[in-house]
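What follows is a set of notes on a single structure, which appears directly below.
The values are calculated or read from the model by the stated rules, or taken from the named source; none is laboratory data. Remember, it's a predicted structure, so these values are computed and weren't measured experimentally. Reconstructed Cβ throughout: ideal geometry from the backbone, glycine too, with neighbour counts over all protein chains shown.
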Amino acid sequence: MKSAELIRVENLRAGYTGPVTGPVSFTVEEGHIIGLGGPNGSGKSTLLRAITGAARVFSGDIKKAPHTLITHHWQRPELPPELALLGRELFSLLGADPDKSSERIDSLLNMPLNRMSGGQFQFLQTAACLAGPANLVLLDEPTNNLDANAIGELSRLLDNHDSHRSVIVVSHEKPFLEKHCERIIELS
Amino acid sequence: MKEFILFDPLFRVPFITGLCLAAVLSLIGGFLKMRDEWLSALGISQVSAAGAVAGVALGVPSVLTAVGAAVAAAFIKDINPKSGNSHYAMMIIFGWSAAIMLAANTHHGEVAGETFLRGQLYFIHEGHLVGAIILIIFTLAIIKWLSRRLLIERFFPDYFSANNIPSFSHRIIFAVLVVFSVVLGTVSIGAFPSFAMFFVPPWVGFVIVEGWKKSLAVSVLIGCTAYLISFVTAVLADQPFGPLLMLVLFLFSMIRPLFYLVKNVWKT
């Protein structure tokens, strides 16, 4: 791996009981935002899960730089119906700094999860990943469930990102990927 | 005079043991609820009760057989964690039927079956107390570390594997805590009263306050208060402790709909 590379994926085929994605190769350098596009079932989420070890690698390789710290925002995160955990407490789990996040977060920090909408919870989780110490953030369909204002805030968070932090974004919304990503990898 | 019965040395061991268990069970119940595994407490406690009855029938210490059965149940659960509540339902069906069948076909088993399913706090001894004290000290010593890890796993399920951080340590420790809480609860206050203590306090506590730590603290407060009311009432009114505890916890559960009612009225 080159020194600026955080992760190198080589000829990867990954899945669960059998391969559902790949072969695919790419690298992610420090500070870069990479988009993953492609139709439903092309294995975008599976590729992220292969990087985190939640999906099985059938062939190929994933190399991570030793100092890589990863957080992964899952697609459609389940909102626990009766958990009184505050937004602030969720942030602190990842060591995330609310001051590094958006103003929209302020109203969610002292709100328990059981009073949040699905969109608010999704935005909170995404913001926590981006405001934490991780230098590789994986975002799986982060614009799902978000209204236009929240998507705007998410865009601002991505644009203001730390120069050492890299992001891999999976999205169906090609304009969103084109606006924020240095490169877009299309899975077929 | 009845009021002095509470200060009788005979009741000290059961009282302190039950109080320790009330605190630990209602606290662990909060974590089971957070993980959506609240039914596991009843499933494992039923299997544990069956193990305890089998121990009595075989002439082996019942705590050992109860622990063995509970560990086996927890192990089977972990083989396929995605099956969730269906595994626990099968444990309840098996555990209850096995306990009753074993009890019905052995001489001492009948008494033991009644004891472990319904609960007989007054007949426990110092060994239970030592176990309960060790359990509460261990729980308090690791709860902060364990809580953070279990919450991360709940909200960011692949955080540990993504960063090559071993997750087996917190998983095993939590499983051990659950198993020993269930076993001590089952052999001390009974399978069903233990389940009620795991389930009701967080079921109420999680909706009436905001914040993770506060909701756990309120759950423990509810559990201990319900226990104190039950213990004193059972002794003074000569009532069976286990069923009374379940009834008192049921009455505490009424706080939940009352809370929603007051909240809605306040809004309008």
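Tell me the residue from A:Q75, A:Q125 that is within 18 Å of the chain's Cα centre (by Cα), facing another protein chain (nearest Cβ under 9 Å) and either within 15 Å of B:R154 (Cα to Cα) or part of a loop (DSSP other than H, G, I, E, B) (or both), please.
Only one candidate passes the filter, namely A:Q125.
Could you please find all residues in the range A:54-72 being part of a loop (DSSP other than H, G, I, E, B) and of a type in the set (A, V, I, L, M)?
Selection gives A:A54, A:A55, A:A65, A:L69.
Name the residue that is nearest to A:L124 (Cα to Cα), counting only residues in the range B:146-171 that are facing another protein chain (nearest Cβ under 7 Å) and of a type in the set (S, T, Y).
Here the residue is B:Y159.
How many residues, within the range B:191-219, are part of a helix (DSSP H, G or I) and within 14 Å of another protein chain (Cβ to nearest Cβ)?
Number of matching residues: 18.
Would you be able to tell me the number of residues in the range A:8-53 that are assigned to a strand (DSSP E or B) and among the polar types (S, T, N, Q)?
Final tally of qualifying residues: 4.
Return a yes/no flag: does the range A:130-137 have any residue that is in a helix (DSSP H, G or I), farther than 17 Å from B:D158 by Cα and at pLDDT 90 or above. If you could, list the steps in order and put the result at the bottom.
Taking the range A:130-137 first, the residues in a helix (DSSP H, G or I) are A:130-131.
Narrowing the set further to residues that are farther than 17 Å from B:D158 by Cα leaves A:131.
So of that shortlist, the ones also at pLDDT 90 or above come out as none.
No: the range A:130-137 contains no residue that is in a helix (DSSP H, G or I), farther than 17 Å from B:D158 by Cα and at pLDDT 90 or above.
In contact with an Asp or Glu (Cβ under 6 Å, 6 or more places away or on another chain), of a type in the set (A, V, I, L, M, F, W, C) and either part of a loop (DSSP other than H, G, I, E, B) or over 15 Å from B:N163 (Cβ atoms) (or both): is that true of A:A84 in this structure?
It is true that A:A84 is in contact with an Asp or Glu (Cβ under 6 Å, 6 or more places away or on another chain), of a type in the set (A, V, I, L, M, F, W, C) and either part of a loop (DSSP other than H, G, I, E, B) or over 15 Å from B:N163 (Cβ atoms) (or both).
Name the residues in the range B:220-246 that are β-branched (V, I, T) and either in contact (Cβ under 8 Å) with a residue 40 or more places away in the chain or within 14 Å of another protein chain (Cβ to nearest Cβ) (or both), would you?
B:V220, B:I222, B:V232, B:V235
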